[in-house]
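Engineer: I have a structure here, written as structure tokens, and I will follow up with some questions on it.
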Amino acid sequence: MNDAALDGLDKTLIMRLIEYAIKKEKAVERIFIQDIYKDLNVTANTEKSYINETLIAWNGAINSNHILVPAQRNGGVQDSAQLKLNPDALFSYIDHLEIVHARTAAQEARRFSIAAIWISLGSLALTTAQVILQITFGK
């Protein structure tokens, strides 16, 4: 799986992992730890440890940090364990996307309101100038 969106340097490992899991589940493909390393280009041992120890609920006790959970028990063999997306991670990702969209919409609304203020000020200035000219020159 070679997707330019997954290789973006501006995305954190967590975001890339969530997007990867969503794409795999939408395509009804299985998720394995070795595929994650290969497809997301995870080569550093620190990143591998972070994924294994923090982002995957290997022991069954799921918390808010866990993005992936084992799809089935396989006797504790992590390399061959099939994983699935934790629903809480999906909901958190959706919340994140909504917040990003809301911030973008708010910035756009701010730009439009500033433009509206300047248009109003320009209209006020023209109306004032017209009134002054009418008073000064008569008609």
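The values are calculated or read from the model by the stated rules, or taken from the named source; none is laboratory data. Here the structure is a predicted model, which means the values were calculated and not measured. Note that each Cβ is placed from the backbone with ideal geometry, even for glycine, and that neighbours are counted across all protein chains shown.
Engineer: Among the residues of region 50-59, is there at least one that is without any contact (Cβ under 8 Å) to a residue 12 or more places away in the chain, over 21 Å from the mean Cα position of the chain (by Cα) and surrounded by fewer than 11 Cβ atoms within 10 Å (Cβ to Cβ)?
Structural biologist: yes
Engineer: Of the conditions (1) closer than 17 Å to residue 16 by Cβ; (2) modelled with pLDDT of 90 or more, residue 110 satisfies every one except a single condition; which number is it?
Structural biologist: Going through the list (1) closer than 17 Å to residue 16 by Cβ; (2) modelled with pLDDT of 90 or more, residue 110 breaks only (1).
Engineer: Among residues belonging to region 125-139 that are among the hydrophobic types (A, V, I, L, M, F, W, C) and either in contact (Cβ under 8 Å) with a residue 40 or more places away in the chain or surrounded by fewer than 10 Cβ atoms within 10 Å (Cβ to Cβ) (or both), point out the one that is nearest to residue 34 (Cα to Cα).
Structural biologist: 135
Engineer: Would you please list the contacts, defined by Cβ atoms under 6 Å and residues six or more apart or on different chains, that run from a residue in region 92-119 that is closer than 27 Å to residue 63 by Cβ to a residue that is part of a helix (DSSP H, G or I)?
Structural biologist: Close Cβ pairs (under 6 Å, with a partner that is part of a helix (DSSP H, G or I)) amount to 93/18.
Engineer: Determine whether region 101-116 contains at least one residue that is surrounded by 12 or more Cβ atoms within 10 Å (Cβ to Cβ) and of a type outside the set (Val, Ile, Thr).
Structural biologist: Kept after step one, since they are surrounded by 12 or more Cβ atoms within 10 Å (Cβ to Cβ), are these residues of region 101-116: none.
No; the residues of region 101-116 include none that is surrounded by 12 or more Cβ atoms within 10 Å (Cβ to Cβ) and of a type outside the set (Val, Ile, Thr).
Engineer: Here's another thing I want to ask about it. Which of the residues belonging to region 77-124 are more than 19 Å from the chain's Cα centre (by Cα), aliphatic (A, V, I, L, M), within 30 Å of residue 34 (Cα to Cα) and not in a strand (DSSP E or B)?
Structural biologist: Across region 77-124, the qualifying residues are 77, 81.
Engineer: Among the residues of region 41-56, are any closer than 24 Å to residue 11 by Cα, in contact with a strand residue (DSSP E or B) (Cβ under 8 Å, 6 or more places away or on another chain) and assigned to a helix (DSSP H, G or I)?
Structural biologist: Step one: of region 41-56, the residues closer than 24 Å to residue 11 by Cα are 41-56.
Then drop every residue that is not in contact with a strand residue (DSSP E or B) (Cβ under 8 Å, 6 or more places away or on another chain), which leaves 55-56.
Those left that are additionally assigned to a helix (DSSP H, G or I): 55.
Yes.
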